[in-house]
Amino acid sequence: MAEILLSLTIIGVVAAITLPSLTGNINERTWNTQRKALYARFSQAIALMPSLNGYGNYINGNESTSAVDTATETFITEGLSKVLKINNICDHEHLADCGIVTSYTNMVGSIKTWPTTLGEMNSLFTGSWLNPATSQLIENTQADINPNAAAFETQNGESIAVYYNPYCQADMGENGNHYSPPKMCANFIYDLNGNKGPNTVGKDIGFITALYPSDSAIVAPMPLSTNASNNKKQDEAGKACQTQDPESRLPNRDELSAMFYNRDLIGISSGIFWSGTVVSPTTAWTQSFHAVDRFPALKTYGYNVRCIKR
């Protein structure tokens, strides 16, 4: 009997040690599979939409306060719902009715309040912007755009918050400094299991971004939680990713801009980061996380490296 009790005790101790790790690994695989499936559905659906801009009415502070900001909700009801199976739709005052939590944990472990407007998602979408060419503050009508968020639930049980720019601009083949916020048409912050835990970015919470109104780029990078380097030449940046995690890689230009739009989720508020998109043999695209511009830089410069998985 004593030997049996001892064996059961050992088994219990081993189970207590290994079970949380085993459960965590199963959850990680489940979330990763669900995330990729969600991205595939979004990519197929948005490709069917003729354009992503111009939905609804956006009312800013300079217009009649009796009018209603309908841009994001109309984008969902008149655009997305035509190409994507959607259950419940909620305005910015009732996001919880679509399973959106009031707070979440970002990638660096900080507790953040869930944003209810585009400006709360990223404060650099509103106010004054720096002119990339002169580094002078300018006023720009694009910087006054701050629509309310809206949300919906999918038939698969995901909760999706939508941050919409009704005036998003096309990729004009820019090869110099330009603003990245106007290129964003819609940003989707998803929670794969609604208001169930852990409500943490990189686990059940992530983002999908649609850039450009037509011929849209749909990206869903999953950043690693730390920089691979804070001072690397562009030609060395990819190697830094492989050293940090063999399955990771540099984000392309649009993936890097999507990371900037969601900088609060990731926990990056400053710095210039390399993309893997080359402009010329000597230059590659970068994105500033403390300003709103993306620009080509000489590959010999030393900038930050944040790697992603897809």
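The values are calculated or read from the model by the stated rules, or taken from the named source; none is laboratory data. Just so you know, these numbers come straight off a predicted model, no measurement behind them. Ideal geometry is used to build each Cβ from the backbone, glycine not excepted, and the neighbour counts take in all protein chains shown.
Condition check ((1) at pLDDT 95 or above; (2) crowded, with 19+ Cβ neighbours inside 10 Å) across all residues:
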position	(1), (2)
N156	no, no
N165	no, yes
N177	no, no
I189	yes, yes
D204	yes, yes
Y212	yes, yes
N227	yes, no
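Give me the residue from region 187-224 that is hydroxyl-bearing (S, T, Y) and in contact with a strand residue (DSSP E or B) (Cβ under 9 Å, 6 or more places away or on another chain) and, out of that set, nearest to Y55 (Cα to Cα). Give the derivation first.
If we filter region 187-224 for residues that are hydroxyl-bearing (S, T, Y), which is where we start, we get 190, 200, 209, 212, 214, 216.
Subsequent filtering for residues that are in contact with a strand residue (DSSP E or B) (Cβ under 9 Å, 6 or more places away or on another chain) retains 190, 200, 209, 212, 216.
Values: Y190: 21, T200: 31, T209: 17, Y212: 14, S216: 16 Å.
Taking the candidates together, the pick is Y212.
Hey, any hits in region 284-303 for a residue that's within 15 Å of K233 (Cβ to Cβ), in contact with a Pro (Cβ under 7 Å, 6 or more places away or on another chain) and not charged (D, E, K, R)? Quick ask: steps written out before the conclusion?
So the first thing to find is which residues in region 284-303 are within 15 Å of K233 (Cβ to Cβ), and the list is 284-286, 296-303.
If we keep only those that are in contact with a Pro (Cβ under 7 Å, 6 or more places away or on another chain) too, we end up with 284-285.
Okay, now just the ones that are also not charged (D, E, K, R), so 284-285.
Checked region 284-303: at least one residue is within 15 Å of K233 (Cβ to Cβ), in contact with a Pro (Cβ under 7 Å, 6 or more places away or on another chain) and not charged (D, E, K, R).
Go through the residues of region 221-231 one by one and say whether even a single one is within 15 Å of W274 (Cβ to Cβ), touching a Phe, Trp or Tyr at 6+ places or on another chain (Cβ under 6 Å) and not in a loop (DSSP other than H, G, I, E, B).
Initial filter on region 221-231 (within 15 Å of W274 (Cβ to Cβ)): 221, 223-224, 227-231.
Cutting the leftovers down to touching a Phe, Trp or Tyr at 6+ places or on another chain (Cβ under 6 Å) gives us none.
No: region 221-231 contains no residue that is within 15 Å of W274 (Cβ to Cβ), touching a Phe, Trp or Tyr at 6+ places or on another chain (Cβ under 6 Å) and not in a loop (DSSP other than H, G, I, E, B).
Looking at (1) in a strand (DSSP E or B); (2) of a type in the set (F, W, Y); (3) within 19 Å of M107 (Cβ to Cβ), which one does F260 not meet, given that it meets all the others?
F260 satisfies all of (1) in a strand (DSSP E or B); (2) of a type in the set (F, W, Y); (3) within 19 Å of M107 (Cβ to Cβ) except (1).
Got at least one residue in region 283-298 being at pLDDT below 95, polar (S, T, N, Q) and not assigned by TED's automatic domain parsing to the domain that holds T126?
no
Please name all residue pairs, on different chains or six or more residues apart, with Cβ atoms under 6 Å, provided the first residue is in region 257-275 and is in contact (Cβ under 8 Å) with a residue 24 or more places away in the chain and the second residue is of a type in the set (V, I, T) and surrounded by fewer than 21 Cβ atoms within 10 Å (Cβ to Cβ).
G267/V108
Given the conditions (1) outside the structural domain of S43 (by TED's automatic domain parsing); (2) out of contact with any Pro (no Cβ under 9 Å at 6 or more places or on another chain); (3) not in a helix (DSSP H, G or I), report the number of the one that P251 does not fulfil.
(2) is the only condition that P251 fails.
Does L224 satisfy the condition of being farther than 12 Å from R306 by Cβ and in contact with an Asp or Glu (Cβ under 7 Å, 6 or more places away or on another chain)?
Working: farther than 12 Å from R306 by Cβ: no; in contact with an Asp or Glu (Cβ under 7 Å, 6 or more places away or on another chain): yes.
Against the criterion (farther than 12 Å from R306 by Cβ and in contact with an Asp or Glu (Cβ under 7 Å, 6 or more places away or on another chain)), L224 does not qualify.
List every residue pair whose Cβ atoms sit under 6 Å apart, with the two residues 6 or more apart in sequence or on different chains, where the first one lies in region 25-52 and is under 21 Å from T200 (Cβ atoms) and in the same structural domain as F75 (by TED's automatic domain parsing) and the second, anywhere, is at pLDDT below 95 and surrounded by fewer than 15 Cβ atoms within 10 Å (Cβ to Cβ).
From region 25-52, no pairs qualify.
Would you check if Q34 is of a type outside the set (F, W, Y), under 24 Å from E73 (Cα atoms), at pLDDT 65 or above and assigned to a helix (DSSP H, G or I)? Give the derivation first.
Values: of a type outside the set (F, W, Y): yes; under 24 Å from E73 (Cα atoms): no; at pLDDT 65 or above: yes; assigned to a helix (DSSP H, G or I): yes.
Judged against the criteria, Q34 is not a match.
Here is a list: A237, A284, A217. Which entry is more than 16 Å from N177 (Cα to Cα) and in contact with a Phe, Trp or Tyr (Cβ under 8 Å, 6 or more places away or on another chain)? Even if it seems obvious, please write down each step before you answer.
Details: A284 fails: more than 16 Å from N177 (Cα to Cα); A217 fails: in contact with a Phe, Trp or Tyr (Cβ under 8 Å, 6 or more places away or on another chain).
Just one listed residue meets the conditions, A237.
Any chance you could count how many residues in region 193-217 are touching a Leu at 6+ places or on another chain (Cβ under 8 Å) and over 18 Å from S110 (Cα atoms)?
Counting residues in region 193-217 that are touching a Leu at 6+ places or on another chain (Cβ under 8 Å) and over 18 Å from S110 (Cα atoms) gives 7.
Which residue is modelled with the lowest pLDDT, if the candidates are limited to region 54-100 and must be buried (at least 19 other Cβ atoms within 10 Å of the Cβ) and part of a loop (DSSP other than H, G, I, E, B)?
Ranking the qualifying residues of region 54-100, first place goes to Y58.
Among the residues of region 233-283, which ones are of a type in the set (S, T, N, Q) and buried (at least 21 other Cβ atoms within 10 Å of the Cβ)? Lay out the reasoning, then the answer.
To start, the set of residues in region 233-283 that are of a type in the set (S, T, N, Q) comprises 234, 242-244, 248, 252, 257, 262, 269-270, 275, 277, 280, 282-283.
Matches in region 233-283: Q234, S248, S257, N262, S275.
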